[in-house]
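Every number here is computed from the coordinates shown, using simple stated rules; none is lab data. Owing to the predicted nature of the structure, the values given are computational and were not obtained by experimental measurement. Positions of Cβ are backbone-derived with ideal geometry, glycine not excepted, and every protein chain shown enters the neighbour counts.
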Amino acid sequence: MLCGAQGPKLYRIIPESVDRLNQRFYRMNLILPEQLSIHPGQFVTLKSEKVPVLLPRPFCVHRWDPQSRRISLLIEARGTATAMFCDSDVARHPFQILGPLGHGFKVKPAQHHFLVGGGCGVAPLHFLAAELLRNAQQVSLAAGFRDQEDALAPELITPPGTAINVTCNPVTAVDLFREQLASLSVRDDATVGVSDVADDADPTDTNGVMVYACGPHVMLKSLAAFCRERGLPLQVSLERMMGCGMGACQGCSCGTKTGSVLLCSEGPVLDATVVNWDA
Amino acid sequence: MRRMSSSTDSQSAQNARYAQDTQDVQDSRLSCTLGSLTLKNPLIAASGTYAFGEAYRSVLDPGIWGAITLKSVTPEPRPGNPGQRIRECHGGLLNSIGLANPGLDEFEKDIIPLLGDLDTVVIASLAGSVSSDYTKLAARLNQYAVINAYELNLSCPNVREGGLAFGADPTKIEALVGQVRHATSKPLLVKLTPNVTSIADTVRAAEAGGADAIVMCNTFLGMDIDLNTGRPVFENTYAGFSGPPVFPLALRCVHQTAAATKLPVIGMGGVSTLEDVQKMILAGASAVGLGTLNFTRPDAPVELCAGLDQWVANKGAANIQDLRSN
């Protein structure tokens, strides 16, 4: 009695492949049985009968190709579940995949889009960059990783056409972003730094810049402080322990200035100005 | 198939439909009764794991359930507990949600109009800090035919001022159930805590107060400590533990409950496989609640219903209730 109602879908699928990207990161590819409407910043949950953990684990959608129905997830093997998900013996068996879940990034036309990612927080930024580039937008990415061995090759993080800088410290990704922003601002380009955005863009985006980020809390907090100071609109993808992923268990609440929200159903992407960064 | 009526149907039309639907349901070998309630099968979504019945609609038709128990509602809105609310631990789940709910006014305005579409028996879970909270909730919700029964949550471990304070004291249980009994004619299911020395004492108290069925059991009190800070993970210190590791404990509680009362028992606690459901029924449960399983395998009732039907057939029984121990 599976249901055809609108919303997340549940499938059991053997991964098409699990590619090892470096010492810690893997990319799992799965072919979904049907076309779905998936937006950058949305996530899915994965569970395997072969992995002895209870709760499904959430992963932001890394890549999504509607034509081939191939969904890709970036998995950092750092715990029991994530390490076993990437094991070739486990990946020969079906995974329960539930999604798409949550609300993703609000993509609006702007003069320039800055993406800031830390560690596995770079996962949704490939999908976001692809969507922006498809709409002929200018995109820069600043990515930070724990160390040189962790750092993913740029082509694994964003599609061709993105200006990308990678550092080996998630927090300094914010510094990279500031340098990117500064280099853009000092360019002899009158269209940057002035209000020249499309009609449907947020009227507060007076400098034509949009910032999107996903990564460790300390990185996001630092970035939020900088963006607030500069008046830059920032959307952040936040992380919490999740139970159901669909708003039923209420386990992933996050304090905001307007009350608590459930990150699974009302997030995971929030406007940085509403987040209680010190909570 | 049993179809629940919308809140706007006339009472006589609802009664006529109920009679026909009940007849259809009784023809099924999985049907079961809890007092005056007839369920199409013994699987019940546990309160707090199914929101207000709609959460999983895109992956599972809610009509497959024998009944859905809604998230507990309190007279006033509750934001729930601050800080971390869930943690996976030793193969189970610790939770400290804190009865987060929109309160009675919003429940009436926004939730009740949606319940008619669930196509199953709907059980409202009532919670509060003092006994008058429960009677107020029952009295206000009596008018809604879409709510088929009440579950009295006397056992939430995650609020300081209520819940467990009632649920561990047989005298208070009997008094509170008695007061709600006088406030409603809807079937009363009383959800009890396993965190007591004598299950039989609390079960008999609920029966003496006028319960129609016993729901055994709520979560087991547990805790976890953050080794980095040396402090409890949860701001409330203790949290409710559920999931597969508690199943043997819950099965024991259900067995003790069935031995202590002739009332129907809804067994729950860590049920995650067909075998677990079967064991609950063999221990004396008339119906079986699924909770944490909804988070991990939200379409599980499809497979479980098919498995139970096959089990009854293989046993040569006319109805699943014939397999229950007494």
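Does region B:195-289 come out rounded, prolate or oblate, given a ≥ b ≥ c as the square roots of the eigenvalues of its C-alpha gyration tensor, rounded meaning a/c under 1.5 and, failing that, prolate meaning a/b above b/c?
Cα axes put region B:195-289 in the oblate bin.
Peptide B:71-83: average number of partner chain Cβ atoms within 10 Å per residue?
2
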| remark: The relative contact order of region A:238-279, taking Cα pairs under 8 Å that sit 6 or more residues apart, comes to a percentage of 36 percent
| query | Which of A:Cys120, A:Cys86, A:Cys60 moves most in a GNM of chain A, Cα contacts under 10 Å? | reply | A:Cys86
| task | Among A:Pro56, A:Pro268, A:Pro66, determine the one that fluctuates most according to a GNM of chain A built with springs between C-alpha atoms less than 10 Å apart. | result | A:Pro66
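When the helix-only estimate is applied to chain A (DSSP H runs of n ≥ 4, each -39,500 (n - 2.57), divided by the residue count), what is the mean residue ellipticity at 222 nm, nearest 500 deg cm²/dmol?
Per the formula, -5500 deg cm²/dmol.
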| query | What shape does the protein assembly as shown have by the C-alpha gyration tensor, where a ≥ b ≥ c are the square roots of the eigenvalues, rounded means a/c under 1.5, and otherwise prolate means a/b greater than b/c and oblate the rest? | reply | prolate
| field | Cα gyration tensor, chain A - rounded (a/c under 1.5), prolate or oblate | value | prolate
| request: May I have the count of lysine pairs in region B:11-323 with C-alpha atoms under 17 Å apart, counting pairs 8 or more residues apart or located on different chains? | output: 7
| message | Given a Förster distance of 45 Å, report the FRET efficiency between A:Asp271 and A:Asp89 from their Cβ-Cβ distance, rounded to the nearest 0.05. | response | 0.60
| query | Hey, what did region B:74-173 get for relative contact order, percent, Cα under 8 Å, at least 6 apart? | reply | 24 percent
| message | Quick check on the exposure proxy: order B:Ser96, A:Ser265 from fewest to most C-beta atoms within 10 angstrom. | response | A:Ser265, B:Ser96
| message | Given points 7 Å out from each Cα along the Cα-Cβ axis, report the B:Asn314 to A:Asn165 separation in nanometres with one decimal. | response | 6.5 nm
| field | Pairwise FRET efficiency - A:Lys106 versus A:Gln6, Cβ, R0 = 25 Å, nearest 0.05 | value | 0.80
| task | Taking only Cα atoms and a 10 Å spring cutoff, compute GNM fluctuations for chain B and point out the largest among B:Asn314, B:Asn228, B:Asn142. | result | B:Asn228
| query | Taking the mean number of other Cβ atoms within 10 Å as a proxy for protection, how do you rank B:118-124, B:275-281 from highest to lowest? | reply | B:118-124, B:275-281
| request: Would you kindly state how much longer the chain becomes between B:Asp105 and B:Asp322 on full extension, computed as 0.36 nm times their sequence separation minus their alpha carbon distance, in nm to one decimal? | output: 73.9 nm
| field | chain A: relative contact order as a whole-number percent, Cα under 8 Å and 6+ apart | value | 17 percent
